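Each remark here refers to the structure printed beneath this line.
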Protein chains: 2
Amino acid sequence: MKRNSRLSSTLHILVHMAEKPEQALTSEQLATFIHTNPVVVRRTIAGLRDAGIVTSSRGHGGGWLLGRVPEKISLAEISVALGETLLPFSTEPESPGCLVEQAVIAVLDDFRIAAERLLAEKLSRITLADLTADFRRRFDLIGVSSHAV
Amino acid sequence: MKRNSRLSSTLHILVHMAEKPEQALTSEQLATFIHTNPVVVRRTIAGLRDAGIVTSSRGHGGGWLLGRVPEKISLAEISVALGETLLPFSTEPESPGCLVEQAVIAVLDDFRIAAERLLAEKLSRITLADLTADFRRRFDLIGVSSHAV
DNA sequence: CCAATCGTAACTAACTAAGTTACATGAAGC
DNA sequence: GCTTCATGTAACTTAGTTAGTTACGATTGG
């Protein structure tokens, strides 16, 4: 798992889970999908469990299941549950008292707040169901769902 | 200069430059504004010079000047010149051939492209002149522009 | 009781970006 | 010309972040 790919890796995992709604998948299995190891998976999606997006169970036959139907899981929620920031830049003061900085931060914060709201709104319209639908379309076309690589 | 504060630090510098349009400011002076050192400043704003947003000159009386009036310098240009990415997440394939990943990336890329266009459009409407205007408003209110800290 | 599984802490490794040092290049003033 | 003040840039160091790994405790089902 590369840097900055937590969102796409998590979505990858979730689509696989959505495709096997009855079967609890282990961290081990999920890890192979995204070429990493079980502990990284547990750590990454721990927030999703707290948010009710997935559930986990221990012991024999344990593993991970979706917490609700894919139609009710939006990318906005997932992003928040992962603790991802939508915008990468910081607006924290470094020179308290400098009016130039205050002006810069004020303008930048206005932008950031508006932009975040906008992006969150866009992300809230995309659900896990949209992703599985897209996957099935591709699958029906090609007929294979290779995980050889 | 903290991580992820390149945009706000650069804006800080540019507002100071806009406030002294006749006077070339040295990297040394600019560095003190954002509590770093001259080399970091040169490195950071080198891209702005390439984009014509600022000019630099060497030798006695040398330093940095705005390349054009603040009204014609947008935050969108600055952000691009800094080489900043507007969105933090990656959509590079890690499992070529996996249809699930392809579906995830397709959806995420659609979102990213739309989002980037949107953000760039918003940023292109904010100019350096807006920042200096905001600064002057604050200055007129308080009457001091401390850089003691 | 045992094997499978998650939860989590602690450590290591890899990567990124800022900070620093050093020096070459160029411009202005004497 | 020589000196001084600047930028330009390469190379190295340092600090911070995050993925990866190891280890082990807790829980569950057979």
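The values are calculated or read from the model by the stated rules, or taken from the named source; none is laboratory data. Treat the numbers as computed from the prediction; the structure is a model and nothing was measured. Here the Cβ is made from the backbone with ideal geometry for all residues, glycine too, and neighbour counts use every protein chain on show. Heavy atoms of the whole protein, side chains included, go into the accessibility calculation; ligands, DNA and RNA do not. Shrake-Rupley method; radii C 1.70, N 1.55, O 1.52, S 1.80 Å.
Defining a contact as two alpha carbons under 8 Å apart and six or more residues distant in sequence, what relative contact order in percent does chain B show? Intermediate results must be reported in sequence, preceding the final value.
On the way: 144 pairs, mean separation 35.6, N = 149.
The value is 24 percent.
How many partner chain Cβ atoms sit within 10 Å of a residue's Cβ in peptide A:79-91, on average, as a whole number?
Values: counts 1, 0, 0, 1, 0, 2, 3, 6, 5, 10, 12, 8, 4.
Neighbouring Cβ atoms belonging to other protein chains average 4 per residue here.
Run the quick spin-label model on B:ARG49 and A:ARG42: label points 7 Å from Cα toward the beta carbon, then report their separation in nm to one decimal.
5.3
For helix A:38-50, report the angle its Cα long axis makes with the longest principal axis of the Cα atoms of chain A; keep it between 0 and 90° and round to the nearest 10°.
70
Can you give the Rg to Rh ratio for the protein assembly as shown, taking only C-alpha atoms and Rh from Kirkwood?
Rounded to two decimals, Rg/Rh equals 1.09.
Using modelled backbone amide H atoms (1.01 Å from N, in-plane), which distant-in-sequence or interchain residues come within less than 5 Å of B:SER95's amide H?
Close amide H contacts, sequence-distant or interchain: none at all.
For the range B:70-149, what does the relative contact order come out to in percent, with C-alpha contacts under 8 Å and a separation of six or more?
51
Grab the other residues whose beta carbon is less than 9 angstrom from that of A:ALA129, score K and R as +1, D and E as -1, and report the net.
That sum, taken over residues with Cβ under 9 Å, equals -1.
Work out the mean other chain Cβ neighbour count within 10 Å for the residues of B:11-19 and drop it here as an integer.
That average works out to 3.
Could you provide, to the nearest whole Å², the per residue accessible area of the protein assembly as shown with probe 1.4 Å?
Dividing the accessible area of the protein assembly as shown by its residue count gives 51 Å².
Amide H to amide H under 5 Å from A:VAL54: which residues, 5+ apart in sequence or cross-chain, H placed 1.01 Å off N in plane?
For A:VAL54, whose amide H was placed from the backbone, the distant partners under 5 Å are A:ARG49, A:GLY67.
Counting Lys and Arg as +1 and Asp and Glu as -1, what is the net charge of the other residues whose Cβ lies under 14 Å from the Cβ of A:SER5?
Here the count lands on -1.
Which of the trypsin sites (Lys or Arg not before Pro) found in the range A:49-149 are loop residues per DSSP with 16 or fewer other Cβ atoms within 10 Å of their Cβ?
Numbers: sites: A:ARG49, A:ARG58, A:ARG68, A:LYS72, A:ARG112, A:ARG117, A:LYS122, A:ARG125, A:ARG136, A:ARG137, A:ARG138; in loops: A:ARG58, A:ARG68, A:ARG125.
Of the trypsin sites (Lys or Arg not before Pro), the ones in loops of the range A:49-149 whose Cβ has at most 16 other Cβ atoms within 10 Å are A:ARG58, A:ARG68, A:ARG125.
Just to confirm a number: summing +1 for Lys and Arg and -1 for Asp and Glu over residues other than B:LEU48 whose beta-carbon lies under 14 angstrom from that of B:LEU48, what do you get?
Numbers: positive: B:ARG6, B:ARG42, B:ARG43, B:ARG49, B:ARG68, B:LYS72; negative: B:ASP50, B:GLU77, B:GLU84.
With Lys, Arg at +1 and Asp, Glu at -1, the neighbours total +3.
Identify, among A:GLY63, A:LEU118, A:ALA106, the residue whose Cα sits farthest towards the positive end of the charge dipole of the range A:6-142, taking +1 on the Cβ of Lys and Arg and -1 on the Cβ of Asp and Glu, with the dipole about the Cα centre.
The Cα lying farthest towards the positive end belongs to A:GLY63.
Provide an ascending nm list, one decimal, of label-point separations from B:PRO93 to the equivalent residue in each further copy; define each label point as 7 Å from Cα along Cα→Cβ.
4.9
What's the buried accessible area, both sides, between B and A using a 1.4 Å probe, rounded to 100 Å²? Let's see the in-between values first.
On the way: alone 9920 and 9910 Å², together 15070 Å².
It comes to approximately 4800 Å² buried between B and A.
Going highest first, how would you order B:33-46, A:8-21 by mean Cβ packing within 10 Å?
The densest-packed peptide leads the list: A:8-21, B:33-46.
Of the accessible area of the protein assembly as shown, with the probe set at 1.4 angstrom, what percent is carbon plus sulfur?
Exposed carbon and sulfur together represent 53 percent of the surface.
Let me know the mean shielding of A:67-75 by other chains, meaning the per-residue number of their Cβ atoms within 10 Å of its Cβ.
Taking all residues of A:67-75 together, the mean is 0.
How high is the FRET efficiency from B:LYS122 to A:LEU141, r the C-beta distance, R0 25 Å, rounded to 0.05? Spell out each step's value before the answer.
Details: r = 37 Å, r/R0 = 1.49.
E between B:LYS122 and A:LEU141, to the nearest 0.05, is 0.10.
Measuring from a point 7 Å out along Cα→Cβ, what nm distances, shortest first, does B:ALA114 have to its partners in the other copies?
So the label point of B:ALA114 gives 2.0 nm to the other copies.
Report the per residue volume, in Å³, of the convex hull enclosing the C-alpha atoms of chain B.
Once divided by residue count, the hull of chain B is 144 Å³.
Beyond a 22 Å Cα-Cα separation, which of these cross-linked pairs lie in this structure: A:LYS2/A:LYS72; A:LYS20/A:LYS72; B:LYS72/B:LYS122; B:LYS2/B:LYS122; A:LYS122/B:LYS2? Display every interim value, and only then the final one.
Values: A:LYS2/A:LYS72 28 Å; A:LYS20/A:LYS72 17 Å; B:LYS72/B:LYS122 15 Å; B:LYS2/B:LYS122 25 Å; A:LYS122/B:LYS2 30 Å.
Over 22 Å apart, Cα to Cα: A:LYS2/A:LYS72; B:LYS2/B:LYS122; A:LYS122/B:LYS2.
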